[in-house]
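The values are calculated or read from the model by the stated rules, or taken from the named source; none is laboratory data. Because the structure is a prediction, the values reported are computed rather than measured. FYI the Cβ positions are ideal-geometry reconstructions off the backbone, even for glycines, and counts take in every protein chain you see. Accessible surface is based on the protein model in full, side chains and every heavy atom, while ligands, DNA and RNA are left aside. Shrake-Rupley method; radii C 1.70, N 1.55, O 1.52, S 1.80 Å.
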Amino acid sequence: MILYKYVSFEAGLKILETGALGFSDLEDFNDPFEATALGLTESDISQTVRFRACRNRLSRKYVVLSLTRAPLNPLMWSHYGDSYKGMVIGIDTIKAGFENAEQYIIPAHRGEIIYVNTAPKSTNEISHEGLMAIGDSSIMNWQKYERFLKHAFLYKSLCWAYEEEVRIVKNISSANFTYHYSSKKEQIIDGQAWKRVQLQTRPIYLHEIPKEAFVEVYIGENCYRDQRKKQQNKTQRPVDSVNSIDVLKAHCRSSKAVLHRVDVDIESWSLRKHEII
């Protein structure tokens, strides 16, 4: 299966250079209703208190990589592709290891988002023991908690359906990373190397995949113009500057990824791709 990641041009170059993809905590996603589709049954404890407790544990124990099936979606290019100045990277999920159910509590082949009109009601019951089990891989597994995990990570409002999102979810509880500050920067989780990187506003969790897993790259129609402007504005001597498009082409040759340029078809209001030699 090929899934796609929308990123800025600079972020895309970094991904292709290092092979590292960033997973995020649920609370840092741009949808304020993340993990609100649990549909908890009635209890003496208020829904709000139980929901916040569940969401807090979900966001601290698991990290999520969001991908899409749609590399030529005009809205996605506007929202996540830096207004057509960025790029989309196509990832072979088998080569990346993202379909390994032993490594990921929700691997790629189970991670398709379910879009619904209304929030689920009275769907999941959570006890104190169940709350404490969130993140415990020996208890909360897909076979026993499939419905809960789907509602926690894979249910979203229908208004987001244009994203055609697919998620990969990793349990990182054994690493004991902390959110606001962590003295631990690198950990081995289930035999995989993971690195915690603190960005200006949030942490991300990097995991390297084989570079041959990057099989396609699309650059937006505004990319050439934007990179040319940035090149002209550099303060160093022209002889020292490196053409960023040439760097991208070299990365694509190295990983044998097919490079495309995305153009706007005004007559059909659609996007077209053209392979770059």
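Looking across the range 185-201 at every residue that is out of contact with any strand residue (DSSP E or B) (no Cβ under 7 Å at 6 or more places or on another chain) and part of a loop (DSSP other than H, G, I, E, B), the one that is nearest to Glu102 (Cα to Cα) is identified as Asp190. I'd like to know if the range 84-94 contains one or more residues that are within 17 Å of Ile134 (Cα to Cα) and open to solvent by 10 Å² or more (accessible area, probe 1.4 Å). Within the range 84-94, not a single residue is within 17 Å of Ile134 (Cα to Cα) and open to solvent by 10 Å² or more (accessible area, probe 1.4 Å).
Could you please let me know if Lys150 is closer than 20 Å to Glu34 by Cα, charged (D, E, K, R), at pLDDT 90 or above and assigned to a strand (DSSP E or B)? Give the steps one after another, and end with the answer.
Working: closer than 20 Å to Glu34 by Cα: yes; charged (D, E, K, R): yes; at pLDDT 90 or above: yes; assigned to a strand (DSSP E or B): no.
Considered against the rule, which asks whether it is closer than 20 Å to Glu34 by Cα, charged (D, E, K, R), at pLDDT 90 or above and assigned to a strand (DSSP E or B), Lys150 comes out as no.
When Met140, Met76 are checked against the criterion of being buried (at least 16 other Cβ atoms within 10 Å of the Cβ), touching an Asp or Glu at 6+ places or on another chain (Cβ under 8 Å) and not polar (S, T, N, Q), Met76 stands alone in meeting it.
Among the residues of the range 17-36, those identified as open to solvent by 10 Å² or more (accessible area, probe 1.4 Å) and either hydrophobic (A, V, I, L, M, F, W, C) or free of Cβ contacts under 8 Å to residues at least 12 places away in the same chain (or both) are Ala20, Phe29, Asn30, Pro32, Phe33.
Taken together, Asp190, Asp265 contain a single residue that is more than 30 Å from Leu72 (Cα to Cα) and among the acidic types (Asp, Glu), which is Asp190. The one condition from (1) touching a strand residue (DSSP E or B) at 6+ places or on another chain (Cβ under 8 Å); (2) more than 22 Å from Thr201 (Cβ to Cβ) that Thr48 does not meet is (1). For the range 55-73, the candidate set comprises residues that are within 21 Å of Tyr115 (Cβ to Cβ) and assigned to a helix (DSSP H, G or I); within that set, the residue that is least open to solvent (accessible area, probe 1.4 Å) is Leu58.
All of Glu212, Glu125, Glu164 fail the test of being in contact (Cβ under 8 Å) with a residue 40 or more places away in the chain and on the phi > 0 side of the Ramachandran plot, apart from Glu164. Taken over the range 132-161, the criterion of being touching a residue at least 40 places away in the same chain (Cβ under 8 Å) and touching a helix residue (DSSP H, G or I) at 6+ places or on another chain (Cβ under 6 Å) is satisfied by Ile134, Gly135, Ala152. Taking the conditions exactly as written (assigned to a loop (DSSP other than H, G, I, E, B) and modelled with pLDDT under 90), does Tyr181 satisfy them or not? In short, yes. Of note, Ser174 does not satisfy the criterion of being surrounded by fewer than 19 Cβ atoms within 10 Å (Cβ to Cβ) and either of a type in the set (Asp, Glu) or assigned to a loop (DSSP other than H, G, I, E, B) (or both). Of the candidates Tyr80, Tyr115, the single residue that is at pLDDT 95 or above and under 23 Å from Phe214 (Cα atoms) is Tyr80.
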